[in-house]
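J.: Sharing a structure, written as structure tokens. Questions coming.
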2 protein chains.
Amino acid sequence: MSENKYKTVISIDCMGGDLGEQEVLKGIIKAYKENNSLFFIIHGAGKKLPQLLFKQKSLLNAYRYVEAGNIVSMNDKPSQALRNARNTTMWNALTSVSNGEAEVAISCGNTGALMAMSMIKLKKINGINRPAIAVLWPSTNIRGFNILLDAGADIKADAQDLCQYALMGVSYAKSGFNIKNPKVGILNIGTEEHKGSSELLKAADIINNLSSILGFKFIGYVEGDDIPSSKIDVIVTDGFTGNIALKTGEGTATLVRTLFKETFNKSLMAKIASLIAFKSLKNLRKRIDPRRVNGGVFLGLNGTIVKSHGGADAIGISAAITLASQLTKNNFQKNLESKVFQINNLKNF
Amino acid sequence: MSENKYKTVISIDCMGGDLGEQEVLKGIIKAYKENNSLFFIIHGAGKKLPQLLFKQKSLLNAYRYVEAGNIVSMNDKPSQALRNARNTTMWNALTSVSNGEAEVAISCGNTGALMAMSMIKLKKINGINRPAIAVLWPSTNIRGFNILLDAGADIKADAQDLCQYALMGVSYAKSGFNIKNPKVGILNIGTEEHKGSSELLKAADIINNLSSILGFKFIGYVEGDDIPSSKIDVIVTDGFTGNIALKTGEGTATLVRTLFKETFNKSLMAKIASLIAFKSLKNLRKRIDPRRVNGGVFLGLNGTIVKSHGGADAIGISAAITLASQLTKNNFQKNLESKVFQINNLKNF
């Protein structure tokens, strides 16, 4: 791939998103306008995308198009998707990573199918027991979000798994978002008696010991209401709890939005007020819309996968591409692998 | 207690709330105004409450005052509170239940201490492995809330515990809120592969079998974003997950409120709008304020304990009293005990 030697190569599955391949293409164009050192391996199926690309002069020499015979649908169960994986755009996007052409792949398709295919195609990093999904969570800090993992790649996690999540979360925070000395905490519940869950206690002990070696600040246990706070950057938890927390947060935000809408439709005065504050309210809506914080990331595989939200628009896609290019530029994957190697050779880990 | 023969007797610990005993008293007066068949065993410490009661003619013959030597502070750790439990208002309020004077006690004091004391003082219902805390969760249904349990009484729950939570949750929904045929679900995560956690699978199977015997509708697994929805009335989960979900929901609601305030302070137009919509916004704030949905309840002990929020105002206290009197009137405790007996004698439970 000599033509891409000086470029940041991104493999992108353009199919399976709610808004269609044309929206993904808009995201690619937007990202390329902001950063012309990007090169895209564009994975598509059908006639529409090649036609759109053909007309799109602004991307000239910035992509290679790879045609697939099939796509994974949003409704496919992971097992079903796996049986028909070959020659889908999703599979091909992962192939670009497994054969070394790209370090990061992006897809806004079916999460379960993407995780299942990624596990098979990329395999776990040597020394990692369980891969994790890291998500960005709206928060009150300047950056606007915190990192939580695992958000549901696996349902269980023992003490060592939680330590590996801490390691992966810290690497991700540093390479992806330039957070120099991330604050890391373990999700737990508050009551004194309960702080004793043996796996969490053990994990806290090891993570505390790792903090000086890996360069982060361990702040101990945090509770659910700390997740969106500025006292923390990386929240570590098992995938069952993380997924429940994520969905509960989304559900609560949706409830508040619903009630908010009801409120502003109830009285004439409120309707007038909402017209006056239209722009401010629109900005607020953007800020708390879970779709705007785009890019759940699969960590712990031989290659990084950015899972963009199924409903992501061009701005969301472009944000996911920017994240992927940042990770590539900072050699995230290689750094992570060498950290895993280093830590696994420590005594008492 | 012949004077209370025709009255609904409520034991109430007036100390330890953030707003002081005077606010609890206001709540008692409000509840009594709405329902003069109530009789209160009022537990206090210090001079203030007796003085206030002395001046309060509206409660004449509607209470008995019990003086304690000490109170449990909000900062006391459960173990610490237990060591000094005797002769506290909290302990005395539980005594009124254990000696049969009242069926339900209310406290807005320290949750951990209250749970620890309740376990010792009231002991578990014969056949119940783990007591649970049931909380009310703001939702989009007409009632305005759903019931979730366990919200953190214990950290673990096996299949049988989850079934007992379902049983207790159903009894509570029926006696406390007149929900005739409650919809019950188990909190789980969505991905196909993960639906297999063996304890959850087993629990789903047994709960499904119980539904016709106990008169409820089992709707299977639900996810975090279903908790505030109208598709469910009772959400069953272990105490670790339940507590994380609860705190995460509260944290998210707080985040949205914070951002909302910021939005309305940012521009002049938005400020004007917030003045115009002042009343509507105030109503909305009330609706999503977790303190307004008052009354976490300890279930599975020989006596029911309503844990009112520490920051509850008179309206909140009055809501907790109304809930307690509703449970007493409907013989909640006796019904629950006989259901536990009935179910435990079933084969395959």
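Just so it is clear, none of the values below were taken in a lab; they were calculated from the coordinates. Small disclaimer: the values here were computed from a predicted structure and weren't measured. Please note: Cβ atoms are built from the backbone with ideal geometry, for glycine as well, and neighbour counts cover all protein chains shown.
J.: For region A:174-240 and region B:168-243, compute the distance between their C-alpha centroids and round to whole Å.
T.: Region A:174-240 and region B:168-243 have Cα centres spaced 30 Å from each other.
J.: Looking at the protein assembly as shown only, what percent of DSSP beta bridges run antiparallel? Nearest 5 please.
T.: 30 percent
J.: Defining a contact as two alpha carbons under 8 Å apart and six or more residues distant in sequence, what relative contact order in percent does region A:129-299 show?
T.: 34 percent
J.: Related question: Where does each of B:T8, A:T140 land when they are ranked from fewest to most other beta-carbon atoms within 10 angstrom?
T.: By the 10 Å Cβ count, ascending: A:T140, B:T8.
J.: Follow-up. Given charges of +1 on the Cβ of Lys and Arg and -1 on the Cβ of Asp and Glu, with all other atoms neutral, how large is the dipole of the protein assembly as shown about its Cα centre, in debye to the nearest 20?
T.: Dipole magnitude for the protein assembly as shown comes out near 1920 debye.
J.: Hey, another quick one. Just counting partner chain Cβ atoms within 10 Å, what average do the residues of peptide B:154-161 show around their Cβ?
T.: If you average over the peptide's residues, the count of other-chain Cβ atoms is 2.
J.: Past 27 Å, Cα to Cα, is the threshold; run B:K30/B:K231; A:K217/A:K282; B:K121/B:K334; A:K77/A:K123; A:K174/A:K202; B:K247/B:K282 against it and keep the listed order.
T.: The answer is B:K30/B:K231; A:K217/A:K282.
J.: Which lysines, if any, have their Cα less than 21 Å from the Cα of A:K26, not counting same-chain residues under 8 positions apart?
T.: Within the straight-line limit of under 21 Å, A:K26 reaches these lysines: A:K7, A:K47, A:K48, A:K55, A:K57, A:K286, A:K307.
J.: May I ask you to report, in nm to one decimal and beginning with the shortest, the distances from B:M269 to the same position in the other copies, taking label points 7 Å along Cα-to-Cβ?
T.: 2.2
J.: Let me ask something else. Between A:N344 and A:N87, what FRET efficiency comes out of the Förster formula 1/(1 + (r/R0)^6) with R0 = 35 Å and r the beta carbon distance, rounded to 0.05?
T.: Rounded to the nearest 0.05, the efficiency is 0.45.
J.: Which distances, shortest first and in nm, link A:G220 to the matching position in the other copies, using label points set 7 Å out along Cα to C-beta?
T.: Label-point distances to the other copies, shortest first: 4.3 nm.
J.: From other protein chains only, count the Cβ atoms within 10 Å of every residue's Cβ in B:220-228, then give the mean.
T.: The mean count of partner-chain Cβ atoms within 10 Å per residue comes to 5.
J.: Students often check this: by mean Cβ neighbours within 10 Å, which of B:330-337, A:129-136 ranks highest, and how do the rest follow?
T.: A:129-136, B:330-337
J.: Dipole of the protein assembly as shown (Lys/Arg Cβ +1, Asp/Glu Cβ -1, origin at the Cα centre): which of B:L246, A:A270, B:G224 lies farthest to the positive side?
T.: With unit charges placed on the Cβ atoms, the residue in question is A:A270.
J.: Over chain A, what is the relative contact order in whole percent, taking alpha-carbon pairs under 8 Å and six or more residues apart?
T.: Computed over chain A, the figure is 24 percent.
J.: Taking R0 as 30 Å, what FRET efficiency do you get between A:D18 and A:F278 from their Cβ-Cβ distance, rounded to the nearest 0.05?
T.: 0.70
J.: Taking each residue of B:320-331 in turn, how many C-beta atoms of other protein chains fall within 10 Å of its C-beta, and what is the average?
T.: 0
J.: Taking the Cβ of each residue in B:Y63, A:Y165, B:Y172 as the centre, tally the other Cβ atoms inside 10 Å and list the residues starting with the fewest.
T.: B:Y63, B:Y172, A:Y165
J.: Another one. Could you tell me how far the Cα centroid of region A:251-285 sits from the Cα centroid of region B:134-160, in Å?
T.: Between the Cα centre of region B:134-160 and that of region A:251-285, the gap is 28 Å.
J.: Across every pair of different alpha-carbon atoms, what Kirkwood hydrodynamic radius in Å does the protein assembly as shown reach?
T.: Every distinct Cα pair counted, the radius reaches 27.3 Å.
J.: Considering only chain B, what is the antiparallel percent among its DSSP beta bridges, to the nearest 5?
T.: Counting DSSP beta bridges with both partners in chain B, the antiparallel share is about 30 percent.
J.: How many times 2.2 N^0.38 Å is the alpha carbon radius of gyration of region A:27-83?
T.: So region A:27-83 has a normalised radius of gyration of 1.38.
J.: Could you tell me the ratio Rg/Rh of chain B? Both radii from Cα atoms, Rh via Kirkwood.
T.: 0.99
J.: Which value, in debye to the nearest 20, describes the size of the charge dipole of region B:129-299 about its Cα centre when Lys and Arg Cβ atoms bear +1, Asp and Glu Cβ atoms bear -1, and nothing else is charged?
T.: Dipole size: approximately 1260 debye.
J.: What does the copy distance list look like for A:Y65, label position 7 Å along Cα→Cβ, in nm and ordered from shortest?
T.: Here A:Y65 shows inter-copy label distances of 8.7 nm.
J.: Sorted by mean Cβ packing within 10 Å, highest first, what order do the peptides A:208-216, B:226-234 take?
T.: Result, highest mean Cβ count within 10 Å first: B:226-234, A:208-216.
J.: Right, here's the next one. Where is the GNM fluctuation largest for chain B (alpha-carbon springs, 10 angstrom cutoff): B:K30, B:K48, B:K339?
T.: Per the Cα network of chain B with a 10 Å cutoff, B:K48 tops the list.
J.: Once you treat every alpha carbon in region A:129-299 as an equal point and sum by Debye, what is log10 I(q)/I(0) at q = 0.12, 0.15, 0.20 Å⁻¹?
T.: -0.57, -0.81, -1.28
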